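Heads up: the structure comes next, in structure tokens.
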Amino acid sequence: MNTINMISALLASIILLGMAIFVLIKDWRDQVNRYYVFYNLMALGILFTMFVTYAFQETVDLTHLNKITQMFTIMFFASFFTMSLVFPKTGKAFPLYITLLTLTPSAIIGALVMNTDLTIARAYFKDGMLVREFKAFYTWYAAATFLYLLAGTANFIRKYFRTKVEIYRLQMRYLFVGSSFALIFAATCSIILPRLLNYSKLYAIGPSIASFIVTAALFYSVISYNLMEIRTAIHKTAMYSIISAIIFIPIYAIIAFYYNGSFYLDRLPLHIIVALVVIIFFILSFYVHPQIDRMFKRKQYQFENIVDTFIRKIEDIKDPNSVVERTIDTLFKSLYLRRAFYLVYNEKSRKYEVSHYKGGDSDGAVEPVDRNSTLIRWFVRNQEVLNVGRIYTDDKSFADIRDEMIDFFTANDVVTILPMYHEKRVIGLVCLGAKDNLAAYTPDELEKLATFQKESNEIISTTLTYQKASEEQFIARTLDLSSYILAKSIPGELPNVQGIKFGAFMIPRYAEGVDYFDFIRPAEDGIGVIITDVSGVGINSALYSILLRSAFQSCLNDAPSTYSVTQTLNRVVYEYSKGKGGLVTSYYMYYDIKTMRLMYTNAGFPSLDLFRVEKNDFDSLDTEGIPLGYDISASYGSGRTNMLRGDIGILYTRSLVNAKNQKGEKFGLLRLREVIKENRSRKPTEIARGIHKAYEKFMGLSSPEADIMTLVFKIG
């Protein structure tokens with residue numbers, strides 16, 4: 001029994017020292033790692049002094065050596081309690097002064113044990129058994145030791161039930177809670193039994209077995225749940241050692257039995273033995289090996305199964321928003337993330353904005369990302385998963401843009417980004433935050449995320465194609481009807497009036513537009529002109545145009561009063577939409593041919609741009625009214641100005657000057673004015689044609705994002 005105690009204590013000492021060195025080398029800066037090393041070294045002190053006790057019975061002072069063992073024992077259980085204070089790892093370090101206060105009682109008791117005879121009077125071997133003569137203080141020493149043990153165990157169990165972070169619950173379940181019961185067993189064997197029953201046969205075996213249990217639990221927790229972020233190295237070492245042992249030990253055993261004559265194997269022909277060895281090798285390789293690998297790669301296989309199942313389930317979903325939402329939810333739960341969100345491109349704002357956010361520690365506020373930002377430009381060139389670690393290490397790709405990229409990752413607590421593409425455009429970014437336990441993404445997880453990105457991207461792209469086709473079919477059906485309606489509202493030709501000439505063009509987003517312009521002539525001496533911008537497409541928007549035409553034509557008697565006409569249009573749109581209609585803006589002007597005076601009122605439309613011949617420059621004529629239909633009591637102002645022969649005015653929908661080409665450049669008001677200046681001596685129809693050509697040349701292959709309506713007039 002003494003030999004078993006000696007060997008088990010030595011093996012446990014070697015294992016504990018190796019674990020301490022490995023964890024310290026891995027990351028000595030981590031607070032949890034440092035506390036774990038201290039915890040291991042105290043256990044090493046216990047086991048190694050036990051080994052010396054049994055190995056050198058005749059040459060050492062057993063009484064003093066036993067006091068050293070007792071000192072390491074109480075320090076060990078105190079360190080176990082401090083471990084329960086720092087784990088799970090949090091964003092802030094645990095205060096050192098609290099740790100020192102916690103360890104102070106154990107240090108005082110340890111000093112008393114070492115320097116007095118309060119706990120033990122004498123230790124010696126008698127008839128091969130270790131005998132210790134205890135004193136009264138030993139009972140209080142043992143009680144203090146158990147208080148530390150019970151406090152640490154209770155604290156781990158409390159944290160296990162209170163924590164909401166699943167990965168921490170799994171780590172505590174397989175290491176710290178299990179280790180607590182192993183340590184209770186060790187304390188019983190080395191403290192309680194010798195003190196109460198004078199039974200010392202398990203004096204070193206109990207702690208040794210406990211250290212083996214803790215080591216096995218550590219390996220499993222590290223391998224399966226990335227405890228202390230040291231999964232990869234231990235996984236490779238442990239997994240392949242065990243696989244090799246399981247595969248080759250049975251083969252060696254069969255060969256040994258054959259040559260030793262055991263189990264009558266020597267009576268079988270050699271070729272039968274060879275065939276048996278080959279069969280066993282293949283059985284173990286194909287059936288046992290995968291199961292062992294799965295056990296050691298449990299979390300990886302769980303993640304792979306979740307991803308594979310998810311991909312199969314979403315293949316039939318046709319709504320891209322649902323696909324994105326389920327993508328974020330799946331990755332958030334399966335990787336135990338602190339946050340995850342999706343940035344999707346917004347056509348109106350021309351920025352990438354959050355569409356789905358998951359995470360309980362924030363309100364989901366993420367600054368929009370400009371489509372020309374460094375981050376987006378990188379993903380335009382590189383259709384691959386990007387982990388933050390690569391930004392720091394890949395100088396070839398990130399040397400010049402590292403700071404800008406890191407700013408986004410840091411500001412939004414992002415660790416990994418999965419880009420999503422459609423028709424060679426970056427339509428969104430799946431942004432994954434840090435894990436709950438702050439562990440890094442493993443190479444296996446990044447590899448699976450790359451596969452996931454490709455599969456999920458294809459599904460999202462397919463749903464977008466389906467959605468676009470459905471929208472185009474709907475638009476095509478509604479435009480067939482709306483184009484018929486609009487044919488009744490837009491004048492077939494421009495009026496031919498002496499003293500003022502007109503030119504116009506329209507570029508619809510689809511087959512037919514819904515913007516509207518019209519003319520009224522209450523008398524030979526004047527003409528009223530209205531132009532509107534109706535948002536959207538389809539029947540509803542077309543009905544707004546037909547409604548405006550009817551209301552406008554009824555204002556014939558009020559035509560010279562631009563204020564009255566606009567007030568009427570506002571009331572009609574408000575009553576039709578009950579104050580909740582779409583965005584409808586308009587600009588109405590009345591030109592008195594006899595006095596050459598222009599009156600005007602604006603309701604949310606771009607201001608009239610007027611080129612004055614006299615000063616060879618432009619004026620902007622505006623009354624700054626709100627769009628139609630929002631407030632029935634809204635007050636619309638009116639303005640007036642005198643005109644000269646040769647003056648040129650242009651009314652245009654905002655989508656003309658805001659239009660952007662493939663380079664992201666705006667057509668802009670200055671470009672529009674240059675075209676007017678260059679063609680100022682021409683007729684209004686020719687000026688309108690020149691603007692149209694300049695716009696098409698500028699846009700190239702790009703299409704308008706809304707209807708474009710342009711009306712030009714010239715005083716003649």
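The values are calculated or read from the model by the stated rules, or taken from the named source; none is laboratory data. Fair warning: this is a prediction, and the values are worked out from it, not measured in the lab. Positions of Cβ are backbone-derived with ideal geometry, glycine not excepted, and every protein chain shown enters the neighbour counts. Calculation scope for accessible area: heavy atoms of the full protein, side chains included, ligands and nucleic acids excluded. Shrake-Rupley method; radii C 1.70, N 1.55, O 1.52, S 1.80 Å.
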| request: Find the helices (runs of 4 or more DSSP H) located wholly in segment 306-407 whose residues include 2 or more that are modelled with pLDDT of 90 or more, and list them. | output: 374-381
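Just wondering, is there one or more residues in segment 635-645 that are over 20 Å from Tyr591 (Cα atoms) and outside any strand (DSSP E or B)?
Yes; the residues of segment 635-645 include at least one that is over 20 Å from Tyr591 (Cα atoms) and outside any strand (DSSP E or B).
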| said: I'd like to know if segment 522-539 contains one or more residues that are polar (S, T, N, Q), open to solvent by 20 Å² or more (accessible area, probe 1.4 Å), out of contact with any Leu (no Cβ under 9 Å at 6 or more places or on another chain) and modelled with pLDDT under 90. | reply: no
| remark: The condition from (1) basic (Lys, Arg); (2) modelled with pLDDT of 85 or more; (3) assigned to a loop (DSSP other than H, G, I, E, B) that Lys501 misses is numbered (3)
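Looking at segment 680-699, is at least one residue assigned to a loop (DSSP other than H, G, I, E, B) and closer than 21 Å to Ser607 by Cα?
yes
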| message | I need the full set of residues from segment 25-65 which are of a type in the set (A, V, I, L, M, F, W, C), farther than 20 Å from Phe134 by Cα and open to solvent by 20 Å² or more (accessible area, probe 1.4 Å), in order please. | response | Ile25, Trp28, Phe38, Leu41, Met42, Leu44, Phe48, Phe51, Val52, Ala55, Phe56
| said: Just the residues that are out of contact with any strand residue (DSSP E or B) (no Cβ under 7 Å at 6 or more places or on another chain) and either closer than 20 Å to Ile708 by Cα or of a type in the set (Ser, Thr, Tyr) (or both), please, taken from segment 596-637. | reply: Tyr630, Ser633, Ser635
| task | Being hydroxyl-bearing (Ser, Thr, Tyr) and open to solvent by 20 Å² or more (accessible area, probe 1.4 Å) is the filter; apply it to segment 638-654 and report the residue that is modelled with the highest pLDDT. | result | Thr641
| query | Restricting attention to segment 659-675, which residues are without any contact (Cβ under 8 Å) to a residue 40 or more places away in the chain and part of a helix (DSSP H, G or I)? | reply | Leu670, Arg671, Glu674, Val675
| message | Regarding segment 91-113, can at least one residue be identified that is at pLDDT below 80 and either within 32 Å of the chain's Cα centre (by Cα) or assigned to a helix (DSSP H, G or I) (or both)? | response | yes
| Test: Tyr563 is of a type outside the set (A, V, I, L, M, F, W, C) and either open to solvent by 30 Å² or more (accessible area, probe 1.4 Å) or under 51 Å from the mean Cα position of the chain (by Cα) (or both) | yes
| said: Take the residues in segment 70-90 that are closer than 12 Å to Thr145 by Cβ and free of Cβ contacts under 8 Å to residues at least 40 places away in the same chain; name whichever of them is farthest from the chain's Cα centre (by Cα). | reply: Phe72
| remark: Taking segment 428-477 and keeping residues open to solvent by 60 Å² or more (accessible area, probe 1.4 Å), modelled with pLDDT of 70 or more and polar (S, T, N, Q) leaves Thr451, Thr462
| Only one residue in Tyr588, Tyr600 is over 18 Å from Leu669 (Cα atoms), among the aromatic types (Phe, Trp, Tyr) and touching a residue at least 60 places away in the same chain (Cβ under 8 Å), so which one is that? | Tyr588
| From Glu133, Glu166, residue being of a type in the set (Asp, Glu), modelled with pLDDT under 70 and more than 22 Å from Ser79 (Cβ to Cβ) | Glu166
| note | Of the residues in segment 406-452, those that are of a type in the set (Asp, Glu) and within 12 Å of the chain's Cα centre (by Cα) number 1
